[in-house]
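Nothing in this text is a laboratory measurement; each read-out follows from the coordinates by a stated rule. Not measured: the values here are computed from a predicted model. All Cβ positions, glycine included, derive from the backbone under ideal geometry; neighbour counts span all protein chains shown.
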Amino acid sequence: MSQEAAPHHRRRAAALGLGLLALSLALLAIIVLSMTTGARAIPLDTVWRALIAADPTATEHRIIWDLRLPRTLVGVMVGLALGLAGAVLQGATRNPLADPAILGIHSGAALFVVLGVAVLGLTQLSQYVWLAFAGAGAAMLVVYSVASLGREGATPIKLALAGAAITAVLQSIISAILLTSPRTLDEVRFWQVGSLAGRSMDIALQVCPFIAAGIVLALSVARLLDGLSMGEDVARALGQRVGLSRALAGLAAVILAGAATAAAGPIAFVGLTVPHVARAITGPSYRWILPYSMLMAPILLLGADIIGRVIAPPGEVQVGIVTAFLGAPFFIALVRRRKLAAL
Amino acid sequence: MLSRRLTALLALSGLALAAPVAAEPWIYSDGAGQTVALDEVPQRIIASQDAAAGLIPLGIRPVGIYADGPIADAKALQGLDLSGIEIIGQAWGEVDIEKAAALEPDLVIAEYWPLDKAWSGGEKVEVALSYLAPITGVTQGASILTLIEDYEALAQSLGADLSAPQIAADKAEFSAALDAFKAAAAAKPDLTVLAVWAGADALYVAATAGSAELVDFKSWGLKLIDPEIADDRGYWETLSWENADKYQPDLIIVDNRSPTTIETARSQPTWTLMKAAAAGQVADWPAFWLRNYRHYALALNDLTTAIKAADAGLAP
Amino acid sequence: MTLAVEIETVSGVRLRQFRRRRAVLVGLAVALLVAFALALNLGDYPVPPGDVLRSLLSPLTGAVNKGVDFIVLQVRLPRAILAILSGAAFGLAGIIFQTLLRNPLASPDIIGIAHGASAAAVFCIIILGWSGLSVSLGALAGAVLTAIAIYLLAWRNGVTAYRVVLIGIGAAAMLGAVISYLFTRARLNEVQQALAWLVGSLNAARPGDAIVLAVALLILLPLLFGLVRALEALELGDDTATALGARVELTRLGLMLVAVSFAAFATAAVGPVGFVAFVSGPIARRLLDGAGRGFAQAALVGSLVMLVSDLVAQHALPSVQLPVGVVTGAFGALFLLWLLIASGRSGRVN
């Protein structure tokens, strides 16, 4: 990286900075929308009054504080975590398909949650969090080791297939448990779909420190990711410790994706698609990709959640379904567009 | 239903008229419109978990039971003596056909669900077991009490002695519980009751007509609130947790098939938007699983206590 | 062994490979026969081996004992035959895909086709309220439609293995979301019914199921033989094969359709039993150790895996009969682990 900043570099940086500002405003707007959209019609001024002068006896104020605010907060945190995790994973593995869902994190978390419900008799979302976290980490480790087999290392296609294969294994174990325990099935089916509904402030508080730590770690490895993106040899020549960089980035991704899955259940495609859009805007530098992903992902997630809330009254379509239907076509377009092997 | 009971009566009167020693033909017509005729009264019976819950307290012990899930979780079989009975299925749609065949059943007794046009356990179980013995059973209808009476008729046709002391005691206990329930309901004519199932995604409000015991409660004087729209095949109205206060009952009864339902409800912040929930006026709803007098008496006693304790002036 | 002198010549190598193929084939067939005999003899209903034999012959000699005949001819025999046929179909589907896409992980149960069948079946069960045969037909349609969709989406001046696999995985994720959604929209017993179908089971196998599958296999196998020769050209690699022009693409498409049909008919008969398609090819190839393509061997491995898994599923736990899919899933886990260890040593995947 050359030290002198050419004028057009500076101009570009200014433009990207403005872009970040615009995204922040868009995020704010979607947060407002999320606070005002729901099964119950609550006028904007009531929402505002509830926020500045809460009256715990007023039903609508309670709905704002107890349902919509935690839901929105969890949505922002989960979105942010997923977007950042996806970007970091893609950078660290130089793999355009690296995504928490594709890498088996979801089914790992799901297996641990199912075991928790079936064996330990857990019943509350807030109890699932730790298990989901542990399961996510374990699954990602296994998937990555399976994919790294062989000389070429973890190529995109091997990573994706290893993830799919491990997912299939875990899924059949999950099915076996659910089949013999209807009680567990009844509990878990609402978690397994990936949803922001019914998330309380407790859950937001539980995962908050992890996501904060994950953000700090992820942003601090941005420079290392830029080094890796020039190729291992170049990175090494620049004095970078490649193995350590990868490990740090992987740790950040597991913390973020694990926390997101713990809070909202498995939500697919957000972590996969957002970094690609971000990269298309910012160019290849992770110093820009990471903050862009971090702001765009919660916009996508909350947007999907709002769509899910209004699309099928009187029930709701869970956010995990909406993101799958928005994300899968995007993914397919991505696969069709170009050779993905190079990142 | 009437015709079925008539048939059973005919079968009974046939028994009474004929010579007592000789093997008698056994005839029973089920809700699916099929009549099962056997050369003699069946002795070896395989029963679904619900049928077993109806028959065992009446002294008819099946040789095998198949359940929808782990037998320990089967609410309907709670407290029943299952010793010596082979469990041939513990997952929905699964029976061990070889174990079933080894039991050499004369008859399979299940329950017929007219809305689904299916026998308990589903088509796969029905097909598998129908190779071994004919399937019959009572029909799910609009009243648990009628259902239990149907089981009495069926049990009697199978040779049960309904005047046995334990059976009579159970029945007497139920009558007492029913009288107390009716009295409590009559004492609080304004008390409104809402039956619900709580999920993490939404609150489900039960339609009275979708559940036989709710129909019973209503006919015994309990003032149940019926949802405006029952969207899920007439069973439930789905309420977003944001609209949990759409109905304001004085007493909430919560589906107790799974012990976690009430916990899920309590963990929802807007559960207490219902004044009854905030005031703790919540009781168990023995949803869909009552099959005998003893269980019904216990459930009614619990409800009577809850009705007596409830403040009927909560709801506007 | 007069030919032993030629051991280093080409024909010697060919002979050795032929012997190896034959040895593997015979070994697998014997193992399958043993498993088949076990399947007919084991069970909660006690039947002495002599009676099993007499029962098997009873269509010719007349009924022996109604109870025993029922157990042997109506329960155990159809179940074992269905296991063998569906296992072979899954094994062939798997090895065709793995050969075409040149990746040991690219079997139909991983790249979305099983998910298409599953989503269709769950839709039929939960939304349409169907059961039995109509669900199987729905699953069949779902598998074929998904395969066609994946193929068309992957088409861009031809189809590359890379795009098929990745688009298949994308489709699998989306279809998985559909299933999860349907699961939250149904009553618990419908979800249980759907889940039981999803795991895949041979319980309550009926003679009719086996006959339908046998007819399908009889039609598909000659097609496979016809197309397999063209595959030789394909295996030389994309670049050389393009010289052969459009016929190559057509052969590839034909083979994929045959593979999808194998998978679809087997899935319709027993449900999307996982990992049989996935493990059969690699196991056959390891046994052959380079001595041939291994289609026939993979079919036998598939049958063996299915039959043995079903025996384990029936008899492993005294109180519960597990569906066969649970055991094959566990077997798949072990296989992946073994792949991990074995290739960690040799430095290659397959």
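How shielded is A:63-72 by partner chains, expressed as the average number of their Cβ atoms within 10 Å of its Cβ atoms?
Per residue, the number of nearby Cβ atoms from other chains is 3 on average.
For C:112-125, what's the mean count of beta carbons from other chains sitting within 10 Å of each residue's beta carbon?
0
Most exposed first by the Cβ proxy, i.e. fewest other Cβ within 10 Å, how do C:C124, A:C208 rank?
Ranked by crowding around the Cβ, least crowded first: A:C208, C:C124.
Direction-averaged shadow area of the convex hull around the Cα atoms of segment B:226-275, nm²?
Mean shadow area of the hull around the Cα atoms is 3.8 nm².
Considering only C-alpha atoms, what is the centroid distance from segment A:297-325 to segment C:102-144, in Å?
25 Å
Where does the longest stretch of chain A lie that holds no trypsin sites (Lys or Arg not before Pro) found in a DSSP loop with 13 or fewer other Cβ atoms within 10 Å?
With a cap of 13 other Cβ atoms within 10 Å, the longest stretch comes to A:1-150.
How do the peptides C:81-90, C:164-173 rank, highest first, by the average count of neighbouring beta carbon atoms within 10 Å per residue?
C:81-90, C:164-173
So how compact is segment C:259-300: Cα radius of gyration and Dmax in angstrom?
11.5, 33
Working only with C-alpha atoms, what are the Rg and Dmax values of segment B:167-309, expressed in angstrom?
Spelled out, the Cα radius of gyration and Dmax of segment B:167-309 are 14.8, 49 Å.
Rg and Dmax of the protein assembly as shown over Cα atoms: what are they, in angstrom?
Answer for the protein assembly as shown, Rg first and Dmax second: 31.5, 113 Å.
What are the GluC sites (Glu not before Pro) within segment B:219-261 that DSSP puts in a loop, where the Cβ has at most 16 other Cβ atoms within 10 Å?
Answer in residue order: B:E228.
Do you know the relative contact order of chain A, to the nearest whole percent, from alpha carbon pairs under 8 angstrom that are 6+ apart?
Over chain A, the number comes to 29 percent.
With unit charges on the beta carbons (Lys and Arg positive, Asp and Glu negative) and the dipole taken about the Cα centre of the protein assembly as shown, which residue among A:T59, C:S261, A:I321 sits farthest to the positive side?
The residue sitting most towards the positive pole is C:S261.
Run through the DSSP bridge list for segment B:2-161 and note the antiparallel percent, rounded to the nearest 5.
In segment B:2-161, approximately 35 percent of DSSP beta bridges are antiparallel ones.
Could you tell me the distance between the Cα centroids of segment B:79-138 and segment B:215-261, to the nearest Å?
When both Cα centres are located, 31 Å separates them.
Quick check of the Kirkwood formula: for segment A:212-326, what is the inverse mean of 1/r over all pairs of different Cα atoms, in Å?
15.6 Å
Have a look at A:A176, A:A222, A:A118 and report the one farthest towards the positive end of the charge dipole of segment A:117-275, computed about the Cα centre with Cβ charges (Lys/Arg +1, Asp/Glu -1).
Farthest towards the positive pole: A:A222.
In whole Å, what three semi-axes, largest first, describe the equivalent ellipsoid of segment C:9-111 built from its Cα gyration tensor (square root of 5 times each eigenvalue)?
37, 20, 10
If the only charges are +1 at each Lys and Arg Cβ and -1 at each Asp and Glu Cβ, what is the size of the charge dipole of the protein assembly as shown around the Cα centre, to the nearest 20 debye?
Value, rounded to 20: 4660 debye.
Over all residues in B:240-247, what is the mean tally of Cβ atoms on other chains that come within 10 Å of each residue's Cβ?
Shielding by partners across B:240-247 averages 6.
Considering only Cα-Cα distances, which of the following residue pairs are longer than 32 Å: B:K124/B:K223; B:K171/B:K275; B:K75/B:K124?
Where the Cα-Cα span goes over 32 Å, the pairs concerned are B:K124/B:K223; B:K171/B:K275.
Give me the Å³ per residue figure for the convex hull around the C-alpha atoms of chain B.
Per residue, the Cα convex hull of chain B comes to 134 Å³.
Which number do you get for Rg(Cα) / (2.2 N^0.38 Å) in segment B:2-161?
It is 0.98.
With θ set to phi - 60° and the Karplus curve 6.51 cos²θ - 1.76 cosθ + 1.60, what are the ³J(HN,Hα) couplings of segment B:259-269 in order, to the nearest whole Hz, using x for Gly and Pro?
Result, ordered by residue: x, 7, 4, 5, 5, 4, 4, 5, 7, 7, x Hz.
What base-10 log of the normalised intensity I(q)/I(0) is obtained for segment C:26-175 from the Debye formula, alpha carbons as equal point scatterers, at q = 0.09, 0.11 Å⁻¹?
Values, matching the q order: -0.46, -0.64.
Hey, if you drop one equal point scatterer on each alpha-carbon of segment C:113-180 and run the Debye formula without solvent, what base-10 log of I(q)/I(0) do you get at q = 0.26 Å⁻¹?
At q = 0.26 Å⁻¹ the computed log10 ratios are -1.02.
Convert each backbone phi in segment C:185-190 into a coupling constant with the Karplus relation 6.51 cos²θ - 1.76 cosθ + 1.60 (shift: θ = phi - 60°), then list the ³J(HN,Hα) values in order as whole Hz, x for Gly and Pro.
Listing the rounded values in order: 10, 10, 6, 4, 6, 5 Hz.
Show me the ranking of peptides C:16-28, B:277-289, B:47-59, B:118-130 by mean Cβ neighbours inside 10 Å, starting with the highest.
My ranking of the peptides, most packed first, is B:47-59, B:118-130, B:277-289, C:16-28.
What number, in percent, do you get for the relative contact order of segment B:167-309 if the mean sequence gap of Cα pairs under 8 Å and at least 6 apart is divided by its residue count?
About 30 percent, as a whole number.
For B:K182, which aspartates and glutamates qualify as cross-link partners when the Cα separation must be under 12 Å and same-chain residues fewer than eight apart are set aside?
B:D216
Report, by chain and number, residues whose modeled amide H sits under 5 Å from the one on B:T139, excluding near sequence neighbours (fewer than 5 apart, same chain).
Residues meeting the amide H criterion: B:G31, B:Y112.
When averaged across all projection directions, what area in nm² does the alpha-carbon convex hull of chain C cover?
21.5 nm²
Less than 25 Å apart at the alpha-carbon level, and either on another chain or at least 8 residues along: which lysines does that give for A:K158?
The qualifying lysines are A:K339.
Amide H neighbours of B:A118 under 5 Å, at least 5 residues apart or on other chains, H built in the peptide plane: list them.
The answer is B:W113.
Mind listing the long-range amide H neighbours of B:T192? Cut-off is under 5 Å, sequence gap 5 or more, other chains count too, H placed in the peptide plane at 1.01 Å from N.
B:D250, B:L251
Which whole-angstrom value gives the distance between the alpha carbon centres of segment C:273-305 and segment C:167-236?
Segment C:273-305 and segment C:167-236 have Cα centres separated by 18 Å.
What value, in deg cm²/dmol to 500, does the helix sum -39500 (n - 2.57) over DSSP H runs of n ≥ 4 give at 222 nm once divided by the residues of chain C?
Mean residue ellipticity at 222 nm (helix-derived): -25500 deg cm²/dmol.
Quick check on packing: order B:182-190, B:153-161, A:316-324 by the mean number of other C-beta atoms within 10 Å, highest mean leading.
A:316-324, B:153-161, B:182-190
Just for the Cα atoms in chain A, what are the lengths along the principal axes, largest first, rounded to whole Å?
Principal extents (largest minus smallest coordinate, Cα): 64, 54, 35 Å.
Would you work out which of B:A110, B:A176, B:A142 lies farthest towards the positive end of the dipole of segment B:92-245? Charges go on Cβ: Lys and Arg +1, Asp and Glu -1.
Ranked along the dipole, the leading option is B:A176.
Quick one: 3J(HN,Hα) in Hz for segment A:256-269, Karplus 6.51/-1.76/1.60 with θ = phi - 60°, rounded, Gly and Pro as x.
With coefficients 6.51, -1.76 and 1.60, one gets 5, 5, x, 5, 5, 5, 4, 7, 10, x, x, 10, 8, 6 Hz.
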